[in-house]
Amino acid sequence: MAHASLVEARLADHVDRLGHEHPPIDLATVDYTVRRPRELDDRFGHVLDYMARVELEVDRNVLELTTLLPDPPEIDRRFYAEVWQPQETRHGVILDELQVHLGRPPAEPDLTSVGVKMRILGALAHLDAFQDVCRMLYYLTGMATERSAVLAYSLLHDGVVELGEDAVASTVIAPIRRQEPGHYAFYQLSARGLWSELAGWQRWMVRRMRTFSFAPVGAGDEDQRADFGELMRALGIADHTDEFAVQISRVERDLLWAHRRGLAVPPYVARALREAVELADARRAG
Ligand SMILES: [Fe+2]
Ligand SMILES: [Fe+2]
């Protein structure tokens, strides 16, 4: 089998498997029992709110996607419509319900506004060769996002266990965390497959566009970037942003920056995470 159809077959298997093995979390299995709501809120309320918003914003992400990829491969459409969106939406609903249980206001996801940049890209994406550049950016964003989610939920899980909130740890955070690696794997397979097909100018363009458009997951504006910095503080990684950067961009580095031997991490990733923490600290001080 040619390389491209091999990748296609693996992706189809993967999406089938995710669909079967990971239906959206059954709300009846979730136990919101919290022993000390004040403590949980103090320590992780902000993290719950941030992640609830990001998970709920998948509806807007799908809108952006259909703008960005007017003519997506069938497997991408199946993945986001049948697997990703239903799972993520449910994550958001559960996390939001939990924060309301703690006495916090519900998250305020932005579900509708597709930015100007995105619309311009979408218009250009009607050219097939450029659509592949957009698809590559989409897979790269997906990888960094899903990897960030896995790491954040792991740290959150440990923190919640430490607080003795076993019900939340085992019926909220653990089941959500379990669904994220499958998303990551989809984007990774897709990214590796597509990268090997891109022409030199397309690769160049991906590098350029990625360099000036990278942002941490869910951080569209400055306030949200500070919120992300706050999240890193709460999870204990604000002083280890470089390590976090390495972990969320390893495959991106290997693909896009293979020619820069010895590069530990794409500089724009490390910079964006550091900036988020600086913004959070400045906001807190001010
Ligand atoms: Fe999720
Ligand atoms: Fe995910």
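Given Leu124, Val34, Pro73, which one lies farthest toward the positive end of the charge dipole of the chain, if we put +1 on the Cβ of every Lys and Arg and -1 on the Cβ of every Asp and Glu?
Comparing the listed Cα positions along the dipole, Leu124 ranks first.
Determine the sum of side-chain charges near Arg271: Lys and Arg each +1, Asp and Glu each -1, restricted to other residues whose C-beta is under 13 angstrom from that of Arg271.
Details: positive: Arg210, Arg225, Arg274; negative: Asp242, Glu275, Glu278.
Residues near Arg271 contribute 0 overall.
On alpha-carbon atoms, Rg over Rh for region 66-138 using Kirkwood Rh?
Numbers: Rg = 16.1 Å, Rh = 14.4 Å.
Expressed as Rg/Rh, it is 1.12.
Once you put a point 7 Å from the Cα of Arg178 and another 7 Å from the Cα of Ala129, both along the Cβ direction, what distance in nm separates them?
Simple spin-label model gives 4.7 nm for this pair.
Could you state the per residue volume, in Å³, of the convex hull enclosing the Cα atoms of region 4-115?
Values: hull volume 13.5 nm³, N = 112.
Measuring per residue, one finds 121 Å³ for the Cα hull of region 4-115.
Count charges around Gln202 for me, please; just the other residues with Cβ under 13 Å from its Cβ, Lys/Arg as +1, Asp/Glu as -1.
In short, +2.
If you take the charge dipole of region 151-264 about its Cα centre, with +1 on Lys and Arg Cβ and -1 on Asp and Glu Cβ, which of Ile237, Gly220, Gln188 is farthest toward its positive end?
Going by the charge dipole, the pick is Gln188.
Solvent-accessible area per residue for region 160-203 at a 1.4 Å probe radius, Å²?
Values: 1590 Å² over 44 residues.
With all protein chains present, region 160-203 gives 36 Å² per residue.
Name the residue, out of Ser148, Ser170, Ser196, whose mean-square fluctuation peaks in a Gaussian network model built on the chain with Cα pairs under 10 Å.
Among Ser148, Ser170, Ser196, the largest mean-square fluctuation in the Gaussian network model of the chain belongs to Ser196.
To the nearest 20 Debye, how big is the dipole of region 148-286 about its Cα centre, given +1 on the beta carbon of each Lys and Arg and -1 on that of each Asp and Glu? Before the final figure, lay out the partial values.
On the way: 17 positive and 19 negative charges, 185 e Å.
My answer is approximately 880 debye.
If a paramagnetic tag sat 7 Å from the Cα of Arg10 along the Cα-Cβ line, which residues of region 196-230 would have the backbone N under 15 Å from that point?
Those under the cut-off are 196-197.
Compute, for Phe44, the solvent-accessible surface of its heavy atoms (probe 1.4 Å) with the complete set of protein chains present, and express it in square angstrom to the nearest 10.
Estimated to the nearest 10 Å², Phe44 gives 0 Å².
State the answer as a single residue: which of Leu48, Gly92, Val58 lies farthest towards the positive end of the charge dipole of region 5-163, with beta carbon charges of +1 for Lys and Arg and -1 for Asp and Glu, about the Cα centre.
Leu48
What does the charge dipole of region 108-188 about its Cα centre add up to, to the nearest 20 debye, if the Cβ of each Lys and Arg holds +1 and the Cβ of each Asp and Glu holds -1? Spell out each step's value before the answer.
Working: 6 positive and 10 negative charges, 80 e Å.
My answer is approximately 380 debye.
For Glu57, which sequence-distant residues (separation of 5 or more, or a different chain) have an amide H within less than 5 Å of its own amide H, given hydrogens modelled in the peptide plane?
none
Give me the base-10 log of I(q)/I(0) for region 57-107 at each q in 0.25, 0.30, 0.32 Å⁻¹, Debye formula, one uniform scatterer per Cα, rounded to two decimals.
At q = 0.25, 0.30, 0.32 Å⁻¹ the computed log10 ratios are -0.89, -1.09, -1.15.
Ignoring ligands, DNA and RNA, what percent of the 1.4 Å accessible area of the chain is carbon and sulfur? Mind showing how you got there, number by number?
Numbers: 7060 of 13480 Å².
Carbon and sulfur atoms account for 52 percent of the accessible area of the chain.
Which stretch or stretches of region 92-133 have amide N atoms under 12 Å from the point lying 7 Å from Met209's Cα along the Cα→Cβ direction?
117-133
Above 28 angstrom, tally the Cα pairs of the chain and express them as a % of all pairs, no decimals. Each step should come with its number before you reach the end.
Values: 15016 of 40755 pairs.
In whole percent, the long-distance tail amounts to 37.
Leaving out ligands and nucleic acids, note down the accessible area per residue over region 225-271 with a 1.4 angstrom probe, in whole Å². Don't skip to the end; give the middle numbers.
On the way: 2130 Å² over 47 residues.
Accessible area per residue, region 225-271: 45 Å².
Taking the Cα centre of region 1-87 as the origin, how large is its charge dipole in debye, to the nearest 20, when only Lys and Arg (+1) and Asp and Glu (-1) carry charge on their Cβ atoms?
Numbers: 10 positive and 18 negative charges, 57 e Å.
Once rounded to the nearest 20, the dipole reads 280 debye.
For region 178-183, what does the Karplus curve 6.51 cos²θ - 1.76 cosθ + 1.60, with θ = phi - 60°, yield as ³J(HN,Hα) per residue in whole Hz, taken in order and with x for Gly and Pro?
4, 8, 6, x, x, 5
Of the residues Ala270, Ala258, Ala149, which exhibits the maximal mean-square fluctuation in a Gaussian network model of the chain defined by a 10 Å Cα contact cut-off?
Ala258
The values are calculated or read from the model by the stated rules, or taken from the named source; none is laboratory data. It should be emphasised that the depicted structure is a prediction, and the values quoted were computed from it without experimental measurement. Because the Cβ atoms are built from the backbone with ideal geometry, glycine has one as well, and the counts that use them run over all protein chains shown. Surface accessibility is based on the protein's heavy atoms, side chains included, excluding ligands, DNA and RNA. Shrake-Rupley method; radii C 1.70, N 1.55, O 1.52, S 1.80 Å.
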